[in-house]
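Below is one structure; the comments refer to it alone.
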Amino acid sequence: MTEIVVAILAIALALVLVSVLLPVAERLRIPHTVLLAVLGIALGVTGAWLVGETERFGLLGDFFEGLTAVGVSPAAFLYVFLPPLLFTAGLTIDVRRLFDEMSAVLLLAIVAVFVCIGVVGGVVHVVTGIDIFVCLLLGAIVSTTDPAAVIGILREVGAPKRLSILAEGEALFNDAAAIATFTILIDVLVHHIVPDAAAPGLDFLREFVGGIMLGIVLAHVALLIVTRLGGSITGLASVTVGLAYVAYILGDQYLHVSGVVAVVVAALTLATLGPTRLQPHQWEALRHTWHQLEFWANSLIFLLAAIVAVRVLAGIRWWHLATVAALYIAAFGARALVLFGLLPVLEFFGRVQPVDRRYKTMIVWGGLRGAVTVALALVAYGNDRLPQDVRDFVAIIATLFVLATLFINAPTLRPLMRFFRLNELDETDKALRDRVLLLSWASVAAQVRDVAKVYGADADIAQRLPHLEAGDAAMSSGGDIALPMDKRIAYGLRTLCARERELYLWRFGQQSISRHIATMLVVDADRLIDQVQTDGVAGYALALEQDVMLDRGFRIALWLHQTFGLERPLADRLADRFETLMVERSVIHELLDFNRADMADLLGKPVADKLHALLDERLQGIDGALKALSLQYGDYADTIRAQHLQRIAIRLESAEYDRQRGNFAISQEVYRDLQHALQERRAEAARRPPLRLGLKLTAMVERVPLFAGLAAGEVSAVGRLLRARVVLPGQKIVTRGERGDAMYFIAAGVAQVKLAMGDVELGEGAFFGEVALLEHKPRNADVVAKGVCHLLRLDARDFRRLLAARPDMRQEIESVAAQRRG
Ligand code: CMP
């Protein structure tokens, strides 16, 4: 048999073996990778024992021969298995949450990688006296982390979601940083050039930035192709597989930028843009495919590496063990240094929300090393341009270290969690559990009694189900839950937030909202859940306040509009805001019902009332915001509303067809036809019309009475002095006490002048900000946009020019200013 056939046979059988381990890992509650390592070592030992005699064992012999053939090829590790690992990590991460936590993630990932490389390299160099670059290479290899185990546990104990994002994001970027450093160090060692201090830094930067650009460009090309495939899921999967490998190889071999970074960035770009460009089911299918590929890559790397490790570890000496012990302490010490030394600095400056010490410890201890470390070690091992002793040293130490994290850290994560009591039901949970049980028993008891009547069963049936009756008795005697008020409210809020999130997802599943909108809403809901979990009612209020404030996207869009006159990003954001507010509004109405029906029973009426008040307040805020937008873009609001209804109608229609088919009233063919037609309408209804800002300068100028007397030529002359500007509800346009640099005319919308004796509203056609310019004094009041305002801004210099040229206008403005001064 040829080598390739044997290799395929080996991989096929290996896939079966690794799958069988899945339920075992689940049962034993240990990470899958630990079992893979055990199996791999067992296979490796068996393989070593069979060496030279494989012929005698037929299929089994071929299996081992194939495994060894695949295992020793470093190209396989790097080029076949690495891209799926990195691409999936980038594709499945929650990109918006990632951006929220960016400072912490970058600190943990990039800074931590360099700290780890430095500390590990230094310590190992001091302990062994081996060349510092070899030690740094080892540091780079062992500085990547595998987050799967710790994320699993964080989810299990219901830790705030941002902690999983921290761990996932860290792993994603530290892979990129570590592999890029690894490549540079290999170069240094192979070519025996000792770089000067600045060169590696510059190299690194070039590789990194180049990789980022390559990733972005290729992802856009891939999206362009994908959108022309007519919705084919198989095509989509194939293009993205192509994308991952092309990004890697093009970067690495042709353009000499970091292929790893290119893959990660390509995946992140796809994760950002994909949801809005692809159909929900396509997106799901894509993630599914990549999870599958990742599973294969991850399992096979581990298995094959463990097999090779047996051979590598044959050369093990006592001093290796001492070195690994030193490395272990150095690596985890470096990690603790970052989390307990550097992260608090960011916390202090408010760049990240504080992380509980117990969770920090979990994250430090959960820094297991996984497939990427193993793959890098084997790549170094297989590089025959490195001296043999370096290859052996690096491979032995890195492999032992991975095994140490797998056999020391992985099994102790859960006990650590127990030690911190992160797993215990706290007092709230216990009280709630009791209450929920009583409620369900009471409800079941009532139902059983009804059923008993139907069957004509004896009345004392109740005696045979004492716990149900006890529940019923407790409920009817008006018993209350044993929890203090503030805990009840906090719990109620958490439940409402979780429900809110579910309702968004449900709407998305029903295709009545787009994935893009659903993503934004779910991310906001997650943020709300996190805040409520940490700060209760105050957290809820705080999160909502942040929600009202303009987020980063809005600020960037506004800036693009003001600086370059780009309308599209701003219009898109406004359209998004419209839709999210409308959906939020309808969901809150549902929450109000839910609160009335379920929360009152569970937590008591006073709590339900308080929750009702909170929801109501929120509803009013949303209504206000919607009104502020509708004031300006009423037609658009109508269109979006109509489109929304259309989507709901389509959903109901689809459900109706399902029902008719279920009743055999229509044939499968007719059903398929109907659904097909519906799909077209669905696509039509999903196409959101563009929002027109309506910022044509001449039209805006004409709306200001002061300029009403101008002839057509003059309008454009004045127009040249003015700049159109959009301000959003609540945004401050003029700040009391500041120096005046411009005045404003309101072409559309309403602004409020905040005065001591009360607010004065200025509507379309009015102007403000003239007093400071005329009198060369600081602004005498704050002026805030009430709805969306379209303003014309006149800079101080042009103001003087205009007034000099047009005495009539000067007079008019001065007289208004005089009145205002009163
Ligand atoms: P300025 O002082 O430049 O900045 C604040 C602006 O608020 C001020 O110019 C006026 O344009 C406006 N303003 C101040 N007082 C009144 C008022 N009583 N009625 C309407 N607008 C006012």
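The values are calculated or read from the model by the stated rules, or taken from the named source; none is laboratory data. No experiment lies behind these values; they were computed from the predicted model shown. All Cβ positions, even for glycine, are placed from backbone atoms using ideal geometry, and neighbour counts span all protein chains on display.
Only residues that are in a loop (DSSP other than H, G, I, E, B), at pLDDT 70 or above and within 30 Å of Thr534 (Cα to Cα) were counted in segment 438-479, giving 0. If the requirement is being within 31 Å of the chain's Cα centre (by Cα) and closer than 30 Å to Leu483 by Cα, which of these qualifies: Glu684, Glu617? Among Glu684, Glu617, only Glu617 is within 31 Å of the chain's Cα centre (by Cα) and closer than 30 Å to Leu483 by Cα. Within segment 325-355, the set of residues being over 21 Å from the mean Cα position of the chain (by Cα) and not in a helix (DSSP H, G or I) comprises just one member, Phe349. The combined condition, being surrounded by fewer than 16 Cβ atoms within 10 Å (Cβ to Cβ) and touching a residue at least 12 places away in the same chain (Cβ under 8 Å), is fulfilled by Asp486. Residue count for segment 745-759 under the criterion of being more than 41 Å from the chain's Cα centre (by Cα) and either part of a loop (DSSP other than H, G, I, E, B) or near the ligand (Cβ under 7 Å from one of its atoms) (or both): the result is 3.
Could you tell me whether Val123 is surrounded by fewer than 22 Cβ atoms within 10 Å (Cβ to Cβ), in contact (Cβ under 8 Å) with a residue 12 or more places away in the chain, in a helix (DSSP H, G or I) and touching a Cys at 6+ places or on another chain (Cβ under 9 Å)?
Taking the combined requirement at face value, the residue satisfies it.
The set of residues in segment 760-802 that are near the ligand (Cβ under 10 Å from one of its atoms), in a strand (DSSP E or B) and surrounded by 14 or more Cβ atoms within 10 Å (Cβ to Cβ) comprises Val760, Leu762, Phe767, Phe768, Asp782, Val783.
Would you mind finding the one in Gly315, Gly341 that is surrounded by fewer than 17 Cβ atoms within 10 Å (Cβ to Cβ), at pLDDT 85 or above and more than 17 Å from Ala37 (Cβ to Cβ)? Explain how you work it out, then say what you get.
On the way: Gly315 fails: at pLDDT 85 or above.
Checking each option against the conditions leaves just Gly341.
Restricting attention to segment 579-597, and to residues there that are acidic (Asp, Glu) and surrounded by 16 or more Cβ atoms within 10 Å (Cβ to Cβ), which single residue is farthest from Val436 (Cα to Cα)?
First, pick out the residues of segment 579-597 that are acidic (Asp, Glu): 579, 584, 590, 593.
Now drop any that are not surrounded by 16 or more Cβ atoms within 10 Å (Cβ to Cβ), which leaves 579, 584.
Values: Glu579: 36, Glu584: 28 Å.
Here the answer is Glu579.
Taking the stated definitions as given, is Arg810 of a type outside the set (A, V, I, L, M) and either free of Cβ contacts under 8 Å to residues at least 24 places away in the same chain or away from the ligand (no atom under 13 Å from the Cβ) (or both)? Here the answer is yes, as Arg810 does meet what is asked.
If you go through segment 717-742 one residue at a time, how many are assigned to a strand (DSSP E or B), in contact (Cβ under 8 Å) with a residue 60 or more places away in the chain and buried (at least 20 other Cβ atoms within 10 Å of the Cβ)?
Residues of segment 717-742 assigned to a strand (DSSP E or B): 722-727, 732-734, 742.
After this cut, where a residue has to be in contact (Cβ under 8 Å) with a residue 60 or more places away in the chain as well, the list is 722-727.
Still in the list and also buried (at least 20 other Cβ atoms within 10 Å of the Cβ): 722, 724, 726-727.
Residues flagged as assigned to a strand (DSSP E or B), in contact (Cβ under 8 Å) with a residue 60 or more places away in the chain and buried (at least 20 other Cβ atoms within 10 Å of the Cβ) within segment 717-742 amount to 4.
Here Gly370 fulfils each of the conditions (1) buried (at least 16 other Cβ atoms within 10 Å of the Cβ); (2) farther than 30 Å from Leu17 by Cβ apart from (2).
Scanning segment 1-41 for residues that are within 28 Å of Gly366 (Cα to Cα) and either assigned to a loop (DSSP other than H, G, I, E, B) or over 39 Å from the mean Cα position of the chain (by Cα) (or both) yields Arg29, Ile30, Pro31.
Residues in segment 256-300 that are among the aliphatic types (A, V, I, L, M), out of contact with any Asp or Glu (no Cβ under 8 Å at 6 or more places or on another chain), assigned to a helix (DSSP H, G or I) and more than 30 Å from Leu17 (Cβ to Cβ): Ala262, Val265, Ala266, Leu268, Leu270, Ala271, Leu273. With respect to (1) surrounded by fewer than 16 Cβ atoms within 10 Å (Cβ to Cβ); (2) part of a helix (DSSP H, G or I); (3) not polar (S, T, N, Q), the lone exception for Ala244 is condition (1).
Residue by residue through segment 356-370, note down the ones that are free of Cβ contacts under 8 Å to residues at least 40 places away in the same chain and assigned to a loop (DSSP other than H, G, I, E, B).
From segment 356-370, those free of Cβ contacts under 8 Å to residues at least 40 places away in the same chain are 356-357, 360, 364; that's our starting set.
Selection gives Asp356 alone.
Pairs are defined by a Cβ separation below 6 Å, a sequence spacing of at least 6 or placement on different chains, a first member in segment 753-772 that is farther than 12 Å from Arg820 by Cβ, and a second member that is of a type in the set (Gly, Ala, Ser) and more than 6 Å from the ligand (Cβ to nearest atom); the pairs so defined are Glu764/Ala748.
Kindly check whether there is at least one residue in segment 282-294 that is within 19 Å of the chain's Cα centre (by Cα), loosely packed, with under 15 Cβ neighbours inside 10 Å and either at positive phi or of a type in the set (Asp, Glu) (or both). Yes, segment 282-294 has at least one match.
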